[in-house]
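First up is the structure itself, then whatever we jot down about it.
The values are calculated or read from the model by the stated rules, or taken from the named source; none is laboratory data. Nothing here was measured: the structure is a model prediction, and the numbers come from that model. In this analysis, Cβ positions are derived from the backbone assuming ideal geometry, glycine residues included, and neighbour counts consider all displayed protein chains.
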């Protein structure tokens, strides 16, 4: 049965439009002006202090409650975010913003039935239907208790790391790693072959501002090395089309995205050519702390916007520090950005070397450039290849500015660990 088509605005764009383009809903008291400016600049901790001061004076200030909830959600402090946003719904029960954010909170907790109610309330019916299909199931359930760690050798490292996985205890196929993806993505044809339940479709925005539909589905199991994980929400789209133009004919049938990864302690070891996946046990978290103390990797704090956008501070050349997306899925490059960042960093495009690329939404024009020095926290790399695709729709989509996207080419000298427990990236150069 073909999924019913349903086009909606992406959640992050929807929220930003509500927050920034309806000032009549949010009359800003002068005392909050500084807090709002700090938030728009990405200075979340500083903004939070001022919002806390303001809420003590006016406990019913809706905009203040929403911002406190958003900052707590960015920091992955889910209980605190729930408290502020629930209070915001009581102040203005007709407003969609806190409901959309509450949906993300319950979704991160794998409380799918609760999340579904809020997704439906903000118009994301297809997402709600998918999550409701998990009734009676435990999302991301580990089939076995042991072992606590598994390693998967890369099938190839460039242009993006590929690993072998087994889907629904059936075929062994190739998935590539991409933190720019949200849920696990499975190819449309493979989903049909395996009888994956398919729900309604939504429209996504991809590289170069291109739009394309993807469907929602539910995968019975995914085996990575010694780990078998059951009951996994998935996105369904044409992944195999990337095989020839990007992976030189190596067939790829899916993508491992951030939503799946944040259930574990994950290291993408580029020089070592392997993916290390550890359960988030107390013992493994303690081992990670010991490893940090012994090896002294570069530690970069990060925030998580909505379901999968990893944000951290970095710098291009000598331009001011900016919030960057950490998106490992830019094949052939280490950086991309909006035109405004190119101007700030005084970067010239290599127009004579423009080519045609393929993104999630289709073909795009790609113009290369070189970043003399690119940094993410204290990690610095020189002469990083950048790819300009014209439109950068995420620059102002969150209510604060995103200066660019750091990706594969930058991380290749490192073992890159994602610690979602303490919200930090660990970069160990090899």
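Taken over region 298-320, residues that are within 19 Å of residue 177 (Cβ to Cβ), in a loop (DSSP other than H, G, I, E, B) and touching a strand residue (DSSP E or B) at 6+ places or on another chain (Cβ under 7 Å) amount to 1.
For region 212-220, the criterion of a residue being out of contact with any helix residue (DSSP H, G or I) (no Cβ under 7 Å at 6 or more places or on another chain), surrounded by fewer than 21 Cβ atoms within 10 Å (Cβ to Cβ), within 30 Å of residue 282 (Cβ to Cβ) and not assigned by TED's automatic domain parsing to the domain that holds residue 407 is satisfied by at least one position. For region 115-143, which positions are surrounded by 16 or more Cβ atoms within 10 Å (Cβ to Cβ), farther than 14 Å from residue 197 by Cβ and free of Cβ contacts under 8 Å to residues at least 24 places away in the same chain? Passing the criteria: 115, 116, 118, 119, 120, 128. What are the residues in region 407-422 that are within 28 Å of residue 284 (Cα to Cα), in contact with a strand residue (DSSP E or B) (Cβ under 8 Å, 6 or more places away or on another chain) and outside any loop (DSSP other than H, G, I, E, B), if any? Those that are within 28 Å of residue 284 (Cα to Cα), in contact with a strand residue (DSSP E or B) (Cβ under 8 Å, 6 or more places away or on another chain) and outside any loop (DSSP other than H, G, I, E, B): 410, 411, 414, 415, 416, 417, 418, 419. When the test is whether a residue is under 21 Å from the mean Cα position of the chain (by Cα), at pLDDT 95 or above and not in a strand (DSSP E or B), residue 399 does not pass it. Considering only region 269-309, state which residues are closer than 21 Å to residue 232 by Cα and not assigned by TED's automatic domain parsing to the domain that holds residue 328. Matches in region 269-309: 275, 276, 277, 278, 279, 280, 281.
Looking only at residues that are in a loop (DSSP other than H, G, I, E, B) and modelled with pLDDT of 95 or more in region 376-394, which one is farthest from residue 356 (Cα to Cα)?
Within region 376-394, the first condition is being in a loop (DSSP other than H, G, I, E, B), and the residues that meet it are 377-378, 389-394.
After this cut, where a residue has to be modelled with pLDDT of 95 or more as well, the list is 377-378.
Numbers: 377: 32, 378: 33 Å.
For region 376-394, the residue satisfying everything is 378.
Go through 135, 153 for me and flag whichever is modelled with pLDDT of 95 or more, over 22 Å from the mean Cα position of the chain (by Cα) and not assigned by TED's automatic domain parsing to the domain that holds residue 213.
On the way: 153 fails: not assigned by TED's automatic domain parsing to the domain that holds residue 213.
The match here is 135.
Summed over region 221-274, the residues that are in a helix (DSSP H, G or I), touching a residue at least 40 places away in the same chain (Cβ under 8 Å), within 22 Å of residue 182 (Cβ to Cβ) and over 16 Å from the mean Cα position of the chain (by Cα) give a count of 5. Scanning region 284-325 for residues that are surrounded by fewer than 16 Cβ atoms within 10 Å (Cβ to Cβ) and under 16 Å from the mean Cα position of the chain (by Cα) turns up just one, 301.
I'm trying to understand the selection: among the residues of region 85-112, which are closer than 22 Å to residue 40 by Cα, surrounded by fewer than 23 Cβ atoms within 10 Å (Cβ to Cβ) and over 23 Å from the mean Cα position of the chain (by Cα)? Hit for region 85-112 is 95, nothing else. Taken as a whole, the condition of being more than 28 Å from residue 312 (Cα to Cα) and either touching a residue at least 60 places away in the same chain (Cβ under 8 Å) or more than 21 Å from the chain's Cα centre (by Cα) (or both) does not apply to residue 34. All of (1) without any contact (Cβ under 8 Å) to a residue 40 or more places away in the chain; (2) assigned to a loop (DSSP other than H, G, I, E, B); (3) closer than 26 Å to residue 424 by Cβ hold for residue 94 with one exception: (3). Within region 169-177, is there a residue that is surrounded by 19 or more Cβ atoms within 10 Å (Cβ to Cβ), in contact (Cβ under 8 Å) with a residue 24 or more places away in the chain and either in contact with a helix residue (DSSP H, G or I) (Cβ under 6 Å, 6 or more places away or on another chain) or not assigned by TED's automatic domain parsing to the domain that holds residue 264 (or both)? The answer is no, given that none of the residues of region 169-177 is surrounded by 19 or more Cβ atoms within 10 Å (Cβ to Cβ), in contact (Cβ under 8 Å) with a residue 24 or more places away in the chain and either in contact with a helix residue (DSSP H, G or I) (Cβ under 6 Å, 6 or more places away or on another chain) or not assigned by TED's automatic domain parsing to the domain that holds residue 264 (or both). So, residue 275, is that one in contact with a strand residue (DSSP E or B) (Cβ under 9 Å, 6 or more places away or on another chain), closer than 30 Å to residue 222 by Cα and buried (at least 19 other Cβ atoms within 10 Å of the Cβ) or not? In short, yes.
For region 349-375, a tally of residues being modelled with pLDDT of 85 or more, in a strand (DSSP E or B) and touching a helix residue (DSSP H, G or I) at 6+ places or on another chain (Cβ under 8 Å) returns 5.
Got a number for residues in region 148-161 being touching a helix residue (DSSP H, G or I) at 6+ places or on another chain (Cβ under 7 Å) and within 18 Å of residue 250 (Cα to Cα)?
Within region 148-161, the subset touching a helix residue (DSSP H, G or I) at 6+ places or on another chain (Cβ under 7 Å) is 148, 159-160.
Then drop every residue that is not within 18 Å of residue 250 (Cα to Cα), which leaves 159-160.
Selection size over region 148-161: 2.
Out of (1) over 28 Å from residue 131 (Cβ atoms); (2) at pLDDT 95 or above, the odd one out for residue 245 is which? Of (1) over 28 Å from residue 131 (Cβ atoms); (2) at pLDDT 95 or above, only one is false for residue 245: (2).
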